[in-house]
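Undergrad: Have a look at this one before I ask anything.
The values are calculated or read from the model by the stated rules, or taken from the named source; none is laboratory data. Computed from a prediction, not measured in an experiment: that's the story for all the values here. Every residue, glycine among them, receives a Cβ derived from its backbone with ideal geometry; neighbour counts consider all protein chains shown. The area values use the complete protein model at the heavy-atom level, side chains included, leaving out ligands, DNA and RNA. Shrake-Rupley method; radii C 1.70, N 1.55, O 1.52, S 1.80 Å.
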Amino acid sequence: MANQVPTTVAGRMTLHHRRSVGKLTAPQLRDLRRAFKAAMAIEDDRGFWYFAGWHGIPFAWCEHHTELFLPWHRAYLYYFELALHAQVPGVSLPWWDWTTSGHIPRAYTVKTANGSQNPLFARKLHVYRSHTSDPVGDREPGAAPVPPLPYKSRWDRAMRATSFTEFSQRIEAIHDDVHVWVGGIMSSIDTAAYDPLFYAHHVMIDRAWRIWQHRNPGALPRHGLLDVALRPNGITVRQVLDVKQLGYDYAGTASHAAGPTA
């Protein structure tokens, strides 16, 4: 019998849907850029640089190659998206579909947009409270010795996993190669989250988990993990299992597979 997983996380008043970056309308893309630009102008714990530091330097709270990989990153995206909402209400993090595209989305590669610098193009690494900023090198998509994009067949294999642990391991292997394929600061755990492309990549990973949950209702992380508190805010694995309880969903998810979330 499947474990029942209640949650105490308060959902947002209106359920919002994350979308493919390739399907954002011009106003939605402008709002996304406006939110990133505003967050990058904040030096305290409401800003982009603070949240980028959660993942690598200086805090290194992220989980990789553990059973907490998917829950931790879901919580991470949730809190970062709330920070963006504080700047531009209603904005949503989009996903980069590297199962159908062999290129980085143009939204993240153009250096200027609407007559000003594009905040989705990685320019600097400003470590939280360091009072210094370092320029970053260019991304080098496809230069590393990993399989070329797109990764549709690997996605399909991950989706055939029959347990949470198996799915997590398969999707994380794809995740790793996408990071390395992009190159630049995205290829290092310490610096990856300072590239705005990081979030579009990880939204795709979270979307994969959401779709897999649709297809495997009741397939949960092992029971001993459900009440593990995730750094730094203490939200538990149990509390991040249902994305609707976190106030979001993925556009088109229901069309991929029917069924309730766990």
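Undergrad: With label points built 7 Å along Cα→Cβ from the Cα atoms of THR99 and HIS17, find their separation and express it in nm.
TA: Reported label-point gap for THR99 and HIS17 is 1.7 nm.
Undergrad: Quick one: compute the contact order of segment 126-229, relative version, from alpha carbon pairs under 8 angstrom and 6+ residues apart, as a percent.
TA: Result for segment 126-229 is 27 percent.
Undergrad: Something else: Would you mind getting me the FRET efficiency between HIS131 and THR162? Use the beta-carbon distance for r and R0 = 51 Å, nearest 0.05.
TA: E between HIS131 and THR162, to the nearest 0.05, is 0.55.
Undergrad: With each run of n ≥ 4 DSSP H residues scored as -39500 (n - 2.57), what mean residue ellipticity at 222 nm is computed for the chain after dividing by its residue count and rounding to the nearest 500 deg cm²/dmol?
TA: -11000 deg cm²/dmol
Undergrad: Could you put ASP134, ASP176 in order of accessible surface area, largest first, with the 1.4 Å probe and the full protein assembly present?
TA: Ranking ASP134, ASP176 by accessible area, largest first, yields ASP134, ASP176.
Undergrad: Here's a follow-up. Using alpha carbons only, how many degrees (0 to 90, rounded to 10) separate the axis of helix 26-40 from the longest principal axis of the chain?
TA: Here the helix axis deviates by roughly 80 degrees.
Undergrad: Over the chain, calculate the relative contact order: mean separation of alpha carbon pairs under 8 Å at least 6 apart, over the residue count, as a percent.
TA: Computed over the chain, the figure is 28 percent.
Undergrad: What number, in percent, do you get for the relative contact order of segment 172-249 if the mean sequence gap of Cα pairs under 8 Å and at least 6 apart is divided by its residue count? If you can, show how the numbers build up before the last one.
TA: Values: 41 pairs, mean separation 10.6, N = 78.
Once normalised by length, the contact order is 14 percent.
Undergrad: Shape call for segment 30-94 from the C-alpha gyration tensor, a ≥ b ≥ c root eigenvalues: rounded (a/c under 1.5), prolate (a/b greater than b/c) or oblate?
TA: Note, shape of segment 30-94 comes out oblate.
Undergrad: Cα gyration tensor of segment 81-126, axes a ≥ b ≥ c as square roots of the eigenvalues: rounded (a/c below 1.5), prolate (a/b > b/c) or oblate?
TA: Oblate.
Undergrad: Using heavy-atom solvent-accessible surface (probe 1.4 Å) with all chains present, what is the largest-first order of LEU15, LEU149?
TA: LEU15, LEU149
Undergrad: Further, regarding this structure: Return one number: the angle in degrees, 0 to 90 and rounded to the nearest 10, between the long axis of the Cα atoms of helix 69-87 and the longest principal axis of the Cα atoms of the chain.
TA: Helix 69-87 sits at roughly 50 degrees to that axis.
Undergrad: Next question, about the same structure. Which distance in nm do the two modelled labels at TYR79 and GLU140 give, with both placed 7 Å along the Cα-to-Cβ direction?
TA: 3.3
Undergrad: Extension gain LYS124-LYS111, at 0.36 nm per residue separation less the Cα-Cα distance, in nm?
TA: Taking 0.36 nm per residue and subtracting the Cα distance, the gain is 3.4 nm.
Undergrad: For the chain, set up a GNM with springs between Cα atoms under 10 Å and report which of GLY53, GLY90, GLY234 has the largest fluctuation.
TA: GLY234
Undergrad: How large is the charge dipole for the chain, taken about the Cα centre, if only the Cβ atoms of Lys, Arg (+1) and Asp, Glu (-1) carry charge, to the nearest 20 debye?
TA: In total the dipole reaches around 720 debye.
Undergrad: Continuing with the same structure: By how many degrees, 0 to 90 and rounded to 10, does the Cα axis of helix 197-215 deviate from the longest principal axis of the chain?
TA: Tilt of helix 197-215: around 10 degrees.
Undergrad: Picking from GLY183, SER20, LEU82, whose Cα lies most toward the positive end of the charge dipole for the chain (charges on Cβ: Lys, Arg +1; Asp, Glu -1)?
TA: My answer, from the dipole projection, is SER20.
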